[in-house]
Amino acid sequence: MIKRTWLWVVILSILLFPFQAQAGVKSPKRSPKRPPKAVTARRAFTHDMRKGNYTLQRQREISSLLSRRAILSFDRASQAHLDLSLPLRSHTGMPAARMKSFENTHWQKIYPDKPFLTTSQQVGNYMISHNNRLLVQETARMKQLSVDLTARLPQLEEAIAKSPRPENPLTWLLENIPDQTSMLFLGEVHDVPEIHEAIVTLLAQLREKNPNRKIVLFTEFLPEELHYAANAATATPLGMLQIWKSALRRDIEVIGLEPEFVTGDLSKQQVQNTEGTKLVTLNQWANLEGVRLRNEAWVRTLEKYRAQEPEALFVVYSGMGHCGYNQPFTLSQAFEHEKPYVVSFVPSHKIRTRKIDAEEGNRHVVANYHDMLEQMLVENLPQPLIHLPDPELSRLAGFDVRLKLEVDKEGLIFDLLMDEMFK
């Protein structure tokens, strides 16, 4: 009897167990889905970078990552660049493949907000990949600029045809720079003595027109914060020394713009040539990312002195690529809140390199010079002066006034021969 009772107890316990479990025992919670290992590693990598945990292992990972990014970005930039037609490609910067050399590089000062960059090679690869990303954006901007210029071609041709033909273009320019101008940009083609002479004359007449106004000349051709003084020892071409000394004689202060991380740095990149056929060597500060870094530093310097001299006339003398309205990262647009005025100085002729053949090599010739507007739109604009009073047209073309100066072709040939002798 007892055995039969126990048997029923066992059977009932078995039958009732599921109901007891539901009533008194909670089901265990499912563990959350874990992120993939790659995501976890990336989060840890980002966390370490933010916290400054730059261990040897992390530094190796940074170097490897930057190297891969430089390679991938070059492929993308090259494709975007080749999608552009010539001559648009020659105005965008170049796809950068790798660093060719580091020479006197101040790599610690180039990206002060990127403390995870701790070697020159890391900085070089970071600059290359950023340059190539910018180039993809710049190709799209250049395509749109070409479309906009073409759409306004009738108005541009009319304005060019109506431009005055004064006997003395510099005198006309001084008489027509608006009185309310607060930032006068003088953008040049480099290494042309006739342009240097024109700048000297322009500054002299500018002082005559503004005898009591404070005028400050800022320039890319001197180091940042350097206040040029008479007989100062600077590594500056003779033609530019004449500009600085002439300015001082007319009570025009001369201040440098070029930041310390650029001066003396001759580091080179290997970049794809305009035709997309081979790699050539280029100074890293002449490529897109280099120009962006330089222009940002120049803007900081100009803003600093503007806070000190709110009523002064600032004259900014640089290459046209830094200040033209239609250039990337341009100074003139950074100061659009002021009253900017852009003058472009171009030569009638320039030394060009023309390919002959493998045996003879390259031949240098003195050829007609064509600026960006001529290359992209209008075949030949030989007149000495072009004036674009319509702000929409000037922003598209890049300047308010363009002066084309007749140059000494025999002098160019002589300078070329001297350069060849002392190579």
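List of remarks:
- Pairs meeting the criteria (first residue in region 57-68 and acidic (Asp, Glu) and part of a helix (DSSP H, G or I), second residue open to solvent by less than 50 Å² (accessible area, probe 1.4 Å) and at pLDDT below 90, beta carbons under 8 Å, at least 6 apart or on different chains) are 61/45.
- In region 111-141, the residues that are open to solvent by less than 30 Å² (accessible area, probe 1.4 Å) and either more than 30 Å from residue 265 (Cα to Cα) or among the hydrophobic types (A, V, I, L, M, F, W, C) (or both): 117, 123, 127, 128, 134, 135
- For region 99-127, the set of residues classified as among the aliphatic types (A, V, I, L, M) and assigned to a loop (DSSP other than H, G, I, E, B) consists of 117 only.
- Yes/no for residue 144 being open to solvent by 40 Å² or more (accessible area, probe 1.4 Å), at negative phi and under 22 Å from the mean Cα position of the chain (by Cα): yes
- Residues that are open to solvent by less than 50 Å² (accessible area, probe 1.4 Å), over 14 Å from residue 389 (Cβ atoms) and under 29 Å from the mean Cα position of the chain (by Cα), drawn from region 151-183: 153, 182, 183
- Restricting attention to region 191-222, the residues that are in contact with a strand residue (DSSP E or B) (Cβ under 6 Å, 6 or more places away or on another chain) and either open to solvent by 50 Å² or more (accessible area, probe 1.4 Å) or among the basic types (Lys, Arg) (or both) add up to 1.
- Pairs with Cβ under 6 Å, 6+ apart, first in region 377-397 and farther than 16 Å from residue 151 by Cβ and hydrophobic (A, V, I, L, M, F, W, C), second in a loop (DSSP other than H, G, I, E, B) and at pLDDT 95 or above: 385/163; 386/163
- The residues of region 192-219 include none that are at pLDDT below 95 and under 20 Å from the mean Cα position of the chain (by Cα).
To keep it simple, each residue is scored yes or no on (1) acidic (Asp, Glu); (2) open to solvent by 50 Å² or more (accessible area, probe 1.4 Å); (3) at pLDDT 95 or above.
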site	(1), (2), (3)
255	no, no, yes
269	no, no, yes
277	no, yes, no
300	no, yes, yes
324	no, no, yes
342	no, no, yes
353	no, yes, no
362	no, yes, no
365	no, no, no
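- Total residues in region 209-229, condition touching a residue at least 24 places away in the same chain (Cβ under 8 Å) and outside any strand (DSSP E or B): 8
- Exactly one residue among 203, 266, 288 is out of contact with any helix residue (DSSP H, G or I) (no Cβ under 6 Å at 6 or more places or on another chain) and among the aliphatic types (A, V, I, L, M), and that residue is 266.
- Some residue of region 376-398 being open to solvent by 60 Å² or more (accessible area, probe 1.4 Å) and part of a strand (DSSP E or B): no
- Residue in region 81-104 that is nearest to residue 370 (Cα to Cα), counting only those that are over 18 Å from the mean Cα position of the chain (by Cα) and either open to solvent by less than 60 Å² (accessible area, probe 1.4 Å) or of a type in the set (Asp, Glu) (or both): 87
- Of the residues making up region 367-397, those that are modelled with pLDDT of 95 or more and touching a strand residue (DSSP E or B) at 6+ places or on another chain (Cβ under 7 Å) are 385, 386, 387.
The values are calculated or read from the model by the stated rules, or taken from the named source; none is laboratory data. These figures come from a predicted structure and were not determined experimentally. Neighbour counts are summed over all protein chains in view; Cβ atoms, including those assigned to glycine, are modelled from backbone coordinates with ideal geometry. To get the accessible areas, we keep the full protein, side chains included, count just its heavy atoms, and leave off ligands, DNA and RNA. Shrake-Rupley method; radii C 1.70, N 1.55, O 1.52, S 1.80 Å.
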